[in-house]
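*Asks:* Here it is, the structure, as structure tokens.
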Amino acid sequence: MSCGKCQVVFFTPMPTAEELEFFYNNGYHDNFSKSTMVGCSFAENRYAALEALLKTHLPSLIDAPNKSLLDVGCGTGDFLKIAQQAGWRISGTELGRDAVEQATQKLGDCVLQGDIFTLDLPANAYSLITSYHVIEHLLDPVKMLKQCYQLLSPEGALFVETPNINSIGARIRGSKWSHIIPPEHIIYFSPHSLKYALHKAGFNRVLILTSVPQTIESIQDWPVFFKGIASSLYHLAPKLGMGAALQAIAFKD
């Protein structure tokens with residue numbers, strides 16, 4: 001179903017909070033650890049792409065002293081480890097117990113288990129908050145975005161990445177789009193609906209982008225010829241605003 005006002009698309013029936021907690025604490029991260037979207041190499045590329053965006057749109061942050069980063073939904077901490085090596089003071093939140101244990105082994109006690117509403121996180125404290133592929137999992141993503149606004153320091157920024165339901169892949173595959181996987185993904189954003197959600201959360205200045213994902217998991221098993229055609233389309237799509245990954249930089253002015 002979709003909202004006539006904001007155009008966000010959501011799966012029905014929506015799971016309960018209890019159902020989601022059970023799902024994420026009963027083997028989810030064991031399965032996710034087998035994904036191509038994990039590991040140090042993937043995290044290095046993800047950080048390099050983020051740093052390039054910040055140099056373009058928020059250059060003062062890159063060289064700022066004591067810059068602090070909160071990664072909401074940090075998984076097992078690979079991205080945070082790369083950010084720490086790049087000079088950030090890091091913190092992370094994660095719901096899954098197993099993921100937090102793995103992150104703690106890599107990073108120490110800077111990763112907390114729980115959501116950003118119940119954890120005792122300081123307001124107006126973080127230079128940058130990142131949230132990679134989290135909001136599509138949430139029952140109330142605007143509530144999370146509002147909390148991020150409160151946690152950001154003055155003139156800080158929020159970076160969000162989520163699948164793009166207006167992407168070329170979603171348009172071609174329709175109901176068979178690879179990201180329609182409830183109860184894991186239950187809300188699907190377009191550039192319009194993500195911008196709407198961020199404005200509703202309090203961000204007045206928002207930049208929306210689409211990009212090519214590092215790994216296109218849905219085509220990994222395709223024959224080489226067809227994989228090449230699909231890859232070319234995916235790389236062309238961002239120029240048309242139909243990239244597979246939807247990104248936003250939202251500024252707390």
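The values are calculated or read from the model by the stated rules, or taken from the named source; none is laboratory data. Since we're looking at a predicted model, the values are computed, not measured. Please note: Cβ atoms are built from the backbone with ideal geometry, for glycine as well, and neighbour counts cover all protein chains shown.
*Asks:* Does any residue of the range 111-125 turn out to be within 15 Å of the chain's Cα centre (by Cα), surrounded by 15 or more Cβ atoms within 10 Å (Cβ to Cβ), at pLDDT 95 or above and farther than 14 Å from Arg46 by Cβ? Steps first, please.
*Replies:* Narrowing the range 111-125 to residues within 15 Å of the chain's Cα centre (by Cα): 115-116.
Adding the requirement that they be surrounded by 15 or more Cβ atoms within 10 Å (Cβ to Cβ) leaves 115-116.
Subset that is at pLDDT 95 or above: none.
No, the conditions are met nowhere in the range 111-125.
*Asks:* Does at least one position in the range 80-93 carry a residue that is touching a residue at least 60 places away in the same chain (Cβ under 8 Å), out of contact with any Leu (no Cβ under 7 Å at 6 or more places or on another chain) and surrounded by 19 or more Cβ atoms within 10 Å (Cβ to Cβ)?
*Replies:* Within the range 80-93 (the criterion being touching a residue at least 60 places away in the same chain (Cβ under 8 Å), out of contact with any Leu (no Cβ under 7 Å at 6 or more places or on another chain) and surrounded by 19 or more Cβ atoms within 10 Å (Cβ to Cβ)), the answer is no, since none of the residues qualifies.
*Asks:* Right, next: So is Ser153 outside any loop (DSSP other than H, G, I, E, B), buried (at least 19 other Cβ atoms within 10 Å of the Cβ), among the polar types (S, T, N, Q) and over 14 Å from the mean Cα position of the chain (by Cα) or not?
*Replies:* no
*Asks:* What number of residues within the range 224-253 satisfy the criterion of being at pLDDT below 75 and part of a loop (DSSP other than H, G, I, E, B)?
*Replies:* 0
*Asks:* While we're here: Within the group Glu155, Glu161, which residue is under 14 Å from Leu194 (Cα atoms) and among the acidic types (Asp, Glu)?
*Replies:* After applying the criteria, what remains is Glu161.
*Asks:* What do you reckon, is Glu101 part of a helix (DSSP H, G or I), more than 16 Å from Leu61 (Cβ to Cβ), free of Cβ contacts under 8 Å to residues at least 40 places away in the same chain and out of contact with any Leu (no Cβ under 9 Å at 6 or more places or on another chain)?
*Replies:* Taking the combined requirement at face value, the residue satisfies it.
*Asks:* Which members of the range 1-16 meet the condition of being part of a loop (DSSP other than H, G, I, E, B), modelled with pLDDT under 70 and in contact with a strand residue (DSSP E or B) (Cβ under 7 Å, 6 or more places away or on another chain)?
*Replies:* Listed by number, the list holds a single entry, Met1.
*Asks:* Only one of these conditions is not met by Ala197: (1) of a type in the set (Gly, Ala, Ser); (2) modelled with pLDDT under 95; (3) assigned to a helix (DSSP H, G or I). Which number is it?
*Replies:* So the condition that Ala197 fails would be (2).
*Asks:* Separate question: Collect the residues in the range 134-162 that are at positive phi and modelled with pLDDT of 95 or more, keeping them in residue-number order. Don't jump to the end; show me each part of the working.
*Replies:* Our first condition is that a residue be at positive phi; within the range 134-162, this holds for 155.
Within the range 134-162, none qualify.
Here's the yes/no breakdown for (1) modelled with pLDDT under 95; (2) out of contact with any Lys or Arg (no Cβ under 9 Å at 6 or more places or on another chain):
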{"site": "Glu18", "(1), (2)": "yes, yes"}
{"site": "Asn26", "(1), (2)": "yes, yes"}
{"site": "Phe32", "(1), (2)": "yes, yes"}
{"site": "Ala43", "(1), (2)": "yes, no"}
{"site": "Leu50", "(1), (2)": "no, yes"}
{"site": "Ile62", "(1), (2)": "yes, no"}
{"site": "Pro65", "(1), (2)": "yes, yes"}
{"site": "Asp71", "(1), (2)": "no, yes"}
{"site": "Leu80", "(1), (2)": "no, no"}
